[in-house]
Amino acid sequence: MDNHLSQKFEEIVGKENVLASEVDRHSYSYDAAVLPPKLPALAVRPETPEALGRVVKTCNELGLPLTVRGSGTNLSGGTIPSPGGVVALTGALNKIIEINEADMYAVVQTGVVTAKFATEVARRGLFYPPDPGSQAVSTIGGNVAENAGGLRGLKYGVTKDYVMGLSLYDVDGELVKTGSRTVKCVTGMNLHGLMVGSEGTLGVFNEIILKLVPPPKASKAMMAVFDDLGKASETVAAIIAAKIVPATLEYMDDFTIKTVEDFAHAGLPTDAKALLLIEVDGHPAQVEEEASEVEAICKRVGATRIHVATDAAERNKVWEARRAALSALARVRPTTVLEDATVPRSQIPAMVGALEKIAAKFKLTIGTFGHAGDGNLHPTILTDKRDHEEWKRVEAAIDEIFDVALSLGGTLSGEHGIGTAKSKYMAKEVGMGSILYARKLKKALDPKGILNPGKITGE
């Protein structure tokens, strides 16, 4: 980018907040997806909402592609910029503007870190349930853009279930407000519903209004151990069929168990073929009743043993081990491909069986864990992208994983988004009619196509 254009952005955000060195450009050329990096012309770091709006307007006027980036934890290429474009960093827009205890909502800027927000809410005696695996660093704006999920999605839902409203900048830098702080609001179109999961392609978020809920009064966590993958996956279906909705119902296969235990030393049983990590919460009497029912189901279907956490420290140790699954697996090989094939919960046994066959067919190491209770599995392929022959097998395996998930009535993504990684599969799930409709919508709101081009619909 020439000096004249750099100066334009310096006038908006200050010279110290225009990052155009070779190192900076490389730093913001990729995200957590296993995709080729793309060098932006520069990155800018607006420190005020007004500056963010001016950045959007300037990019539109100059026809410069704009990608908004929180912490770059995206797993589908949603924050990989366009070559020669601009990356807008939201790290300085990190104020919790309001936490209203009486009406149970909060208003935050887009760069607020998820875990910090949840902790601050908890200090006020309230609860913000969405808990993506990257919550320690991911931002609320990124969560909304990707409609992030997490371990508690089974009972409490995902990010979209907590967005009451938001404000955003359109391509002309105009502030658009949608939704309200009230529990009910049907004023105007449900634009915030449209923006959740739009991956930065339709507008640039400014402030977000989030619903808060009362925390559960009690909880009980347990670990069910299985000597057979099929029995573990059948247990998931049996718990749901019994009309019990745990707060979390997580799955780990044997390879993942061994790898995590070697990494986290949490006391996981390395002789197990599979684990289910289960937590029920709610009123104390309800918790005791549901925990007993879940334990009985696990035993009936085939758990070899069940361990119930006796205190908070023991409970937290197990959940920390589950949250360490990706970090542990990523140590095994140079390249880690984490997918999020999602199927109806009753199809979990079929999906688990298919993943075993796919790993054997393509001679690949696949560790599988994930949110089994809501059908959202994370088959994690451990490979080395520099091995071209093996990488071809990886790509073929990914194609087959998605084909199986769709054949079982599932979806391409439960929580990671589409980005550029999965856009080529979109027609298989939603058909060209839906893709063309989305493209028309984008064209109407972003005529020059500057907002995170190439994501979701491939255009």
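Here are the numbers:
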| item | result |
| --- | --- |
| Conditions (1) open to solvent by 30 Å² or more (accessible area, probe 1.4 Å); (2) on the phi < 0 side of the Ramachandran plot; number of the one not met by GLY458 | (2) |
| Selection status of ALA237, closer than 21 Å to GLY375 by Cβ, small (Gly, Ala, Ser) and modelled with pLDDT under 95 | yes |
| Single residue of the range 289-315 satisfying the filter (of a type in the set (S, T, N, Q) and part of a loop (DSSP other than H, G, I, E, B)) that is nearest to ALA232 (Cα to Cα) | THR304 |
| Hits in the range 189-239 (condition: assigned to a strand (DSSP E or B) and within 30 Å of ARG315 (Cβ to Cβ)) | LEU210, LYS211, VAL213, ALA218, SER219, LYS220, ALA221, MET222, MET223, ALA224, VAL225, PHE226 |
| Some residue of the range 138-156 being of a type in the set (S, T, N, Q) and open to solvent by 60 Å² or more (accessible area, probe 1.4 Å) | no |
| Any strands (runs of 3 or more DSSP E) falling wholly within the range 316-414 and containing at least 2 residues that are small (Gly, Ala, Ser) and touching a helix residue (DSSP H, G or I) at 6+ places or on another chain (Cβ under 8 Å) | none |
| Residue, farthest from VAL112 (Cα to Cα), within the range 1-51, restricted to residues that are in a helix (DSSP H, G or I) and aliphatic (A, V, I, L, M) | LEU5 |
| Odd one out for VAL56 among (1) touching a Lys or Arg at 6+ places or on another chain (Cβ under 9 Å); (2) buried (at least 20 other Cβ atoms within 10 Å of the Cβ); (3) in a helix (DSSP H, G or I) | (1) |
| Residue count for the range 124-137, restricted to those that are open to solvent by 20 Å² or more (accessible area, probe 1.4 Å), more than 19 Å from ALA325 (Cα to Cα), outside any strand (DSSP E or B) and in contact with a strand residue (DSSP E or B) (Cβ under 7 Å, 6 or more places away or on another chain) | 1 |
| Any chance VAL87 is of a type outside the set (Ser, Thr, Tyr) and outside any loop (DSSP other than H, G, I, E, B) | yes |
| Cβ-Cβ under 6 Å pairs, at least 6 apart or on other chains, the range 432-459 side free of Cβ contacts under 8 Å to residues at least 24 places away in the same chain and polar (S, T, N, Q), far side open to solvent by 70 Å² or more (accessible area, probe 1.4 Å) and part of a helix (DSSP H, G or I) | none |
| Members of the range 238-248 that are surrounded by fewer than 20 Cβ atoms within 10 Å (Cβ to Cβ) and in contact (Cβ under 8 Å) with a residue 60 or more places away in the chain | ALA238, ALA241, VAL245 |
| Pick from the range 88-106, criterion without any contact (Cβ under 8 Å) to a residue 60 or more places away in the chain and out of contact with any helix residue (DSSP H, G or I) (no Cβ under 9 Å at 6 or more places or on another chain), ranking: farthest from SER21 (Cα to Cα) | ALA102 |
| Selection from the range 95-111 of residues that are among the β-branched types (Val, Ile, Thr) and open to solvent by less than 40 Å² (accessible area, probe 1.4 Å) | ILE99, VAL107, VAL108, THR110 |
| Selection count where residues are open to solvent by less than 10 Å² (accessible area, probe 1.4 Å), among the β-branched types (Val, Ile, Thr) and touching a residue at least 24 places away in the same chain (Cβ under 8 Å), scope the range 249-292 | 5 |
| Residue within the range 75-82 that is open to solvent by 10 Å² or more (accessible area, probe 1.4 Å), of a type outside the set (Val, Ile, Thr) and modelled with pLDDT of 95 or more present | yes |
| Tally, over the range 70-81, of residues that are in contact (Cβ under 8 Å) with a residue 60 or more places away in the chain and either touching a strand residue (DSSP E or B) at 6+ places or on another chain (Cβ under 7 Å) or closer than 18 Å to GLU16 by Cα (or both) | 4 |
| Count of residues meeting criterion [aromatic (Phe, Trp, Tyr) and open to solvent by 10 Å² or more (accessible area, probe 1.4 Å)] in the range 185-237 | 1 |
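Conditions (1) outside any loop (DSSP other than H, G, I, E, B); (2) of a type outside the set (S, T, N, Q); (3) open to solvent by 40 Å² or more (accessible area, probe 1.4 Å), marked per residue:
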{"site": "THR67", "(1), (2), (3)": "yes, no, no"}
{"site": "THR73", "(1), (2), (3)": "no, no, yes"}
{"site": "LEU93", "(1), (2), (3)": "no, yes, no"}
{"site": "THR119", "(1), (2), (3)": "yes, no, yes"}
{"site": "ALA122", "(1), (2), (3)": "yes, yes, yes"}
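The values are calculated or read from the model by the stated rules, or taken from the named source; none is laboratory data. What you are looking at is a predicted structure, and each value in this text was computed from that prediction instead of being measured. For neighbour counting, all protein chains shown are included, and Cβ atoms are generated from backbone atoms with ideal geometry for every residue, glycine included. Protein only, heavy atoms only, side chains kept; ligands, DNA and RNA dropped before computing areas. Shrake-Rupley method; radii C 1.70, N 1.55, O 1.52, S 1.80 Å.
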